[in-house]
1. From the list 288, 258, 315, exactly one residue is over 22 Å from the mean Cα position of the chain (by Cα), part of a loop (DSSP other than H, G, I, E, B) and of a type in the set (A, V, I, L, M). Which is it?
2. Output yes when any residue across the stretch 142-150 is more than 25 Å from residue 104 (Cβ to Cβ), of a type in the set (Gly, Ala, Ser) and assigned to a strand (DSSP E or B), and no when none is.
3. Right, residue 484: under 19 Å from residue 411 (Cβ atoms), in a loop (DSSP other than H, G, I, E, B) and at pLDDT 95 or above or not?
4. List pairs: first in the stretch 486-502 and more than 11 Å from residue 454 (Cβ to Cβ), second part of a loop (DSSP other than H, G, I, E, B) and modelled with pLDDT of 95 or more, Cβ under 6 Å, 6+ apart or cross-chain?
5. Considering only the stretch 167-195, state which residues are within 18 Å of residue 207 (Cβ to Cβ) and part of a loop (DSSP other than H, G, I, E, B).
6. Among the candidates 387, 319, which residue alone is among the aliphatic types (A, V, I, L, M) and over 26 Å from residue 267 (Cβ atoms)?
7. Within the stretch 197-211, does at least one residue satisfy the condition of being buried (at least 17 other Cβ atoms within 10 Å of the Cβ), at pLDDT below 95 and of a type in the set (A, V, I, L, M, F, W, C)?
8. Just one of 228, 280, 232 is farther than 28 Å from residue 357 by Cα, of a type outside the set (A, V, I, L, M) and assigned to a strand (DSSP E or B); which is it?
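The values are calculated or read from the model by the stated rules, or taken from the named source; none is laboratory data. No experiment lies behind these values; they were computed from the predicted model shown. Here the Cβ positions follow ideal geometry from the backbone for every residue, glycine too, while neighbour counts run over all protein chains shown. These area figures cover heavy atoms from the full protein model, side chains too; ligands, DNA and RNA do not enter into them. Shrake-Rupley method; radii C 1.70, N 1.55, O 1.52, S 1.80 Å.
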Amino acid sequence: MLKAYFCDNIIRQLYYLIMKKLYTLIGVLILLSLIFSAHSVFAADCGDTDLNGTTDTVCVAGDTVVGSSGYTYTLTGNITSTDQDGLIVGADSITINGGGYTLTGNAGKNNYGIRNNGFDSVTTTNIVITNFVHGIYYTNNASGTIAYVTSTANTNDGIHLETSIGNTLIGNKATSNGTGIVIANSSNNNTLTNNVANSNASGISFSSSTGNVLSGNTMSSNSGSNFSLSQSYNNTIDTTNLTQGKPIYYLYNQHGTAQSPLVYDGNVIGDVGIFWAASSSYLTFKNASSSLPETFVYFYDVSSSTVENITVSGATYGIHLDSSSNNTITGNTVSTNTVGIYLYESTGNTVSNNTANTNTSYGISLENSENNTLTGNTANTNTVRGISLGASTQNTLNDNTTNANADGIYLYDSDSNTLTENITNSNTSSGIHLNLSQENELTGNTASSNGFYGVFLTSSNSNTLTSNITNLHSNSNGIYILSSDENILTGNTSASNLTGIYRYCG
C-alpha cells in the first residue's frame, strides 16, 4: 500500500506540474496575441471580391485590391494611410484608376503608396500619390502599366520597378522625391515614354537593367543627377529624351571606322545634355559644352575614339572613361567639377593638352589603369591633387603642369610609371608624392616652392630619380625619403631648402 500510494503521489505531482506549465504557456500565448493584435492592422480584400467583374467592397487604406481579369477599381475619394501601405495589388490583370484623387501616406511608417508584389498586367493610372517611402513599387511582375500618375514628395522613389519586365510607364510626373523614377535589378525590356522627373534629388536612374526603351522623357532641376545609368548599357535612349532641356546622346554598339569615324560635332548638332557611349568604337565628339551636374562625357567599353574641344563645369566627372582603350582626350577644358578627367580600368589612352583646373577633388585621376600617356596637360588649383594615380602601372606623364594644388602629382600603390619634365610648383603639400609605389622613374621634373616637399617618398622602394629640380622650399625639404629603400638618386638639384635631400632612418 505504501508503495502504491508513493507512485500515485508522484504521478499526481507530475500531472499538476504539467498542467501548471500548460496554463502558463496558454497565458503567454494569449498575452502575445493581445499585444500583437493591439499593434497590427490586417489588410482586407476590396474591389471585386466575389470576382463577378463589379465592385462590391470600397477600398480603404491598407486594403488589397482584387478582382477578375480585366476588372477596374476606381477610387471614389481621397485615401489617407497612417500605419500601412496605401493600396496593395492582389490579382493579375486588374486596373487601379485613381479618378484624379490623392493617396496620402505617412513616410515615417515605411509604407508604400501602391505596392504590386508579383502580379502581372496590372495598370495604375490617374492618381496622385504623396508622402510615402515609395510612391509606386512594382516588383517581380511583368507587362504592367503605370500611366498618368503624379508621384510627389515621397521619401525614396516616386516610381520604382524592381526585377520587373515588359512594363510601360507613360505620361507620369515624378517630382520632389528622393529619385523620380528607378528601374533596378534586372528590370528589363520596359518602355518609358513622355515621363517628367523634375525637382527630385535624382531624376531617372537605371541599375543592372537592359533592353529598356526611352523616348520623350524630360528631366530637369534635380539637385543631383538628372539621369544616371549603372551596369545598364544595352538600352535604347534617343535624343527626344531631355536633361535640362538638352538632348541626351546615348550610343550603344555604334561603330565607325578609322577612315570614317562617327562624328558628333556640337557646331553641327547643337546643344548636348550628355554624351554617353557603350560598347562602341571610332567615335568623335567635339565642340560642345555643359554645366549640368551629371557626367558630361562617359565612355564604357569604348575604343579608338576621340573627345576634343569640350568644356565642362559643375559635373561629377567632366570626362569619364571606364574599361575603355586607345582613345584620345585632347584640348578639353574641364574645370570646377568634382574630377576633371577620370580613367578607370582603362588602357592605352592618350590624354593631352587638356586644362583641368579648380576641381573640388582631382584635376586628372587614373585608377586601376595602365599604359596611358598624359602629356601637356594643365591641372592647377585643384582642391586635392592635380594628377593622381591609384593602383595604376606603366603610365607615362610628360610635360604636365600641376601648380597650386594640395599635391601636384600623387602616386599611390602605382608601379613602373615614368614621370618626365613635369612642372609642379607652389602646391601646399608636395610637388610629387610617391606612396607605396615602386620602380617608378622621375627624370627632369621641376618641383619647387611647394609647402612641405618637392619630392616625397613614403614606403616606396626601387625608384629612380634623375636630374630633378626641387628648389626654394625655404621652410621644408627638397627631396624627403621616408621608410623607403633601394632608391637611386642621380644629378638632382635641391637648393634653398631647409634640407636638400633627406632620408629619415628612424
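1. 258
2. Yes, because at least one residue in the stretch 142-150 is more than 25 Å from residue 104 (Cβ to Cβ), of a type in the set (Gly, Ala, Ser) and assigned to a strand (DSSP E or B).
3. yes
4. Partner pairs satisfying both residue conditions: 486/461; 486/462; 487/463; 491/467.
5. Scanning the stretch 167-195 gives 167, 177, 178, 185, 186, 187, 188, 189, 190, 195.
6. 387 is the lone residue from the list that is among the aliphatic types (A, V, I, L, M) and over 26 Å from residue 267 (Cβ atoms).
7. no
8. Residue meeting the stated conditions: 280.
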